[in-house]
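Engineer: Mind having a look at this structure? Questions to follow.
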Amino acid sequence: MSESTEKIKLTQFTHGFGCGCKIAPAVLDVMLKNNHAANDHPGLLVGNSTKDDAAVLDLGNGKALITTTDFFMPIVDDAFDFGKIAAVNAISDVYAMGGTPNIAVAILGWPIEKLAPEIAAQVLAGGRAACAEAGIPLAGGHSIDSPEPIFGLAVNGMIEIKNLKTNSGAKEGDLLFITKSIGVGVITTAAKKGIVKEEDLQLAVKSMSTLNKIGAALAELPGVHAITDVTGFGVFGHLLEMLEGSGLSAILDFAKLPLITNLEDYLAQYCIPAITYRNWNSYSHQLTEVGVNTLHLGCDPQTSGGLLIAVDPNEKDQYIKLMKEQGYPEFTQTPIGTFMARTEKHIRVVNGEG
């Protein structure tokens, strides 16, 4: 990075950042009310009728094409890190369907009168690095002059149809697992306020920059019934999407939810993304009563978050074995909840603290 660009703080050029830019669930529901694509195309296996992570098209040979796109405004000030995080986040949608990505193209919006093109080049370099880790080419893309910096990818992947995982396949009695700690919304808000500790920020950056490659391996386990990734709607919001698609409810043991370190310090300094409350207002009627801190963390928008996984309790040993073999932390092997028959409140939160 040149001396002239080192002091640029990308997050100061946006009104929102990362997956916190997402439109709130209730507003999105209104926008899509009459536009949920039914799977009426003969080859469309997954459209947006179940609010899934990507679209899936049957190729007619036992395999399917997964296609998705995701982009947002800077979540961190470093241009390379922003590009890598945005790319990892987009690629995650393919892994969340159980697929393997095979190609990506870039989506770049850049305020050319405000930010030097050399900074955009660093963003693209970060995106290219993420694609290289995923083993796919970043094969071009499209750019525009925009009021705020924007970056992301359109990604294609492949999967054997027999291994396809959606967010709507959970079954009553399944155990719920998660693969990354939550709280990056709080940490990145603290960074934007200029009060974050560098070691805490780097923990968040490392988490957001880590590919969810395990999704492809999980898809091969018969005991894994459903997968989705956790992004801007928070743990509560994305679990609710699983429950809506599966026609179930869930008990969520909030005390077992893994958290990034030092979150209480930042919450005490009111480092809460604006979308946290928009999320809560969108779906709070579907949850049992929770304390303030539980609200803030359960609704915290995750950027490039982990996977939520529904696992048959009789097959959990295979899941745990895989996570151990792949070097995942111990918390990924402890269930954070259980799927159950439908109740009036779709998520019953236990062990939440106020």
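Engineer: Mind giving me the FRET efficiency for residue 69 and residue 206? R0 is 22 Å, r the Cβ-Cβ distance, nearest 0.05 is fine. Intermediate values should be presented prior to the final figure.
Structural biologist: Working: r = 25 Å, r/R0 = 1.12.
In this case the efficiency is close to 0.35.
Engineer: Still on this model: Identify the GluC sites (Glu not before Pro) of the stretch 246-354 meeting these criteria: DSSP loop state and at most 10 other C-beta atoms within 10 Å of the C-beta. Provide the component values of the computation, followed by the final result.
Structural biologist: Details: sites: 264, 289, 315, 325, 330, 344, 353; in loops: 289, 344, 353.
Those that pass, being in a loop and sparsely packed, are 344.
Engineer: Right, something else. For the pair residue 333/residue 220, report the inter-label distance in nm, with labels modelled 7 Å from Cα in the Cβ direction.
Structural biologist: 2.0 nm
Engineer: Roughly how many nanometres apart are two label points built 7 Å out from the Cα toward the Cβ at residue 284 and residue 132?
Structural biologist: 4.7 nm
Engineer: Okay, moving on. Using a probe radius of 1.4 Å on heavy atoms only, what accessible surface per residue do you get for the stretch 225-349? Whole Å² is fine. Could you put the intermediate results ahead of the total?
Structural biologist: On the way: 4930 Å² over 125 residues.
Accessible area per residue: 39 Å².
Engineer: State the volume of the convex hull built on the alpha-carbon positions of the stretch 197-278, expressed per residue in Å³ and rounded to an integer. Each step should come with its number before you reach the end.
Structural biologist: Values: hull volume 11.1 nm³, N = 82.
Dividing the Cα hull volume of the stretch 197-278 by its residue count gives 136 Å³.
Engineer: Right, here's the next one. 7 Å from Cα along Cα→Cβ at both residue 112 and residue 9: what's the point-to-point distance in nm?
Structural biologist: That separation, rounded to one decimal, is 2.8 nm.
Engineer: How much of the accessible area of the stretch 229-354, in percent, comes from carbon and sulfur atoms when a 1.4 Å probe is used? Could the numbers behind the result be given before it?
Structural biologist: Details: 2480 of 5280 Å².
C and S atoms contribute 47 percent here.
Engineer: Expressed as a whole number of Å, what is the distance separating the alpha-carbon centroids of the stretch 178-197 and the stretch 134-161?
Structural biologist: Using only Cα atoms, the two centres lie 25 Å from each other.
Engineer: Could you tell me the ratio Rg/Rh of the stretch 163-308? Both radii from Cα atoms, Rh via Kirkwood. All intermediate terms of the calculation are to be shown ahead of the outcome.
Structural biologist: Numbers: Rg = 15.4 Å, Rh = 15.8 Å.
That ratio is 0.97, to two decimals.
Engineer: Of the DSSP beta bridges with both residues in the stretch 67-159, give the percent that are antiparallel, rounding to the nearest 5.
Structural biologist: Details: 15 of 21 bridges.
Given both bridge residues lie in the stretch 67-159, the antiparallel proportion sits at roughly 70 percent.
Engineer: Over 23 Å between Cα atoms, which of 193/256; 256/316; 316/345; 180/256; 84/165 qualify?
Structural biologist: On the way: 193/256 29 Å; 256/316 17 Å; 316/345 27 Å; 180/256 12 Å; 84/165 25 Å.
From 193/256; 256/316; 316/345; 180/256; 84/165, over 23 Å: 193/256; 316/345; 84/165.
Engineer: Hey, another quick one. Using 1/(1 + (r/R0)^6) with R0 = 30 angstrom and r between the beta carbons of residue 197 and residue 143, what's the FRET efficiency to the nearest 0.05? The partial results should precede the final answer.
Structural biologist: Working: r = 35 Å, r/R0 = 1.16.
The value I calculate is 0.30.
Engineer: Roll a 1.4 Å probe over the protein chains and send me the accessible area per residue for the stretch 79-200 in Å². List each step's numbers first, then the result.
Structural biologist: Working: 4360 Å² over 122 residues.
That works out to 36 Å² for each residue.
Engineer: I would also like to ask the following. Count neighbours as other Cβ atoms within 10 Å of each site's Cβ, and list the chymotrypsin sites (Phe, Trp or Tyr not before Pro) in the stretch 193-272 that are DSSP loop with at most 15 such neighbours.
Structural biologist: Working: sites: 233, 236, 254, 266, 270; in loops: 233, 270.
Listed in order of number, the matching sites are 270.
Engineer: For residue 350 and residue 59, what does the FRET efficiency come to when R0 = 45 Å and r is the distance between their Cβ atoms, rounded to the nearest 0.05? Don't jump to the answer; show the numbers that get you there.
Structural biologist: Values: r = 44 Å, r/R0 = 0.97.
According to the calculation, E is roughly 0.55.
Engineer: When each pair of different Cα atoms in the chain is counted once in the 1/r mean, what is the Kirkwood radius in angstroms, to one decimal?
Structural biologist: Working: mean 1/r = 0.0491 Å⁻¹.
Hydrodynamic radius (Kirkwood, Cα pairs) of the chain is 20.4 Å.
Engineer: Under a 10 Å cutoff between Cα atoms, tell me which one of 143, 181, 246 has the largest fluctuation in the Gaussian network model of the chain.
Structural biologist: The residue with the greatest mean-square fluctuation here is 143.
Engineer: Let me ask something additional. Give the separation of the Cα centroids, the stretch 329-352 to the stretch 210-247, in Å.
Structural biologist: Cα centroid to Cα centroid, the span is 13 Å.
Engineer: Take the solvent-accessible surface of the protein heavy atoms, probe 1.4 Å, and return the percent of it on the stretch 138-227 that carbon and sulfur atoms account for.
Structural biologist: Exposed carbon and sulfur together represent 54 percent of the surface.
Engineer: Considering amide H positions built from the backbone, and no H for Pro or chain starts, which residues 5 or more places from residue 231, or on another chain, come under 5 Å of its amide H?
Structural biologist: 302
The values are calculated or read from the model by the stated rules, or taken from the named source; none is laboratory data. Remember, it's a predicted structure, so these values are computed and weren't measured experimentally. Here the Cβ is made from the backbone with ideal geometry for all residues, glycine too, and neighbour counts use every protein chain on show. These accessible areas exclude ligands, DNA and RNA; they are computed on the full protein's heavy atoms, side chains included. Shrake-Rupley method; radii C 1.70, N 1.55, O 1.52, S 1.80 Å.
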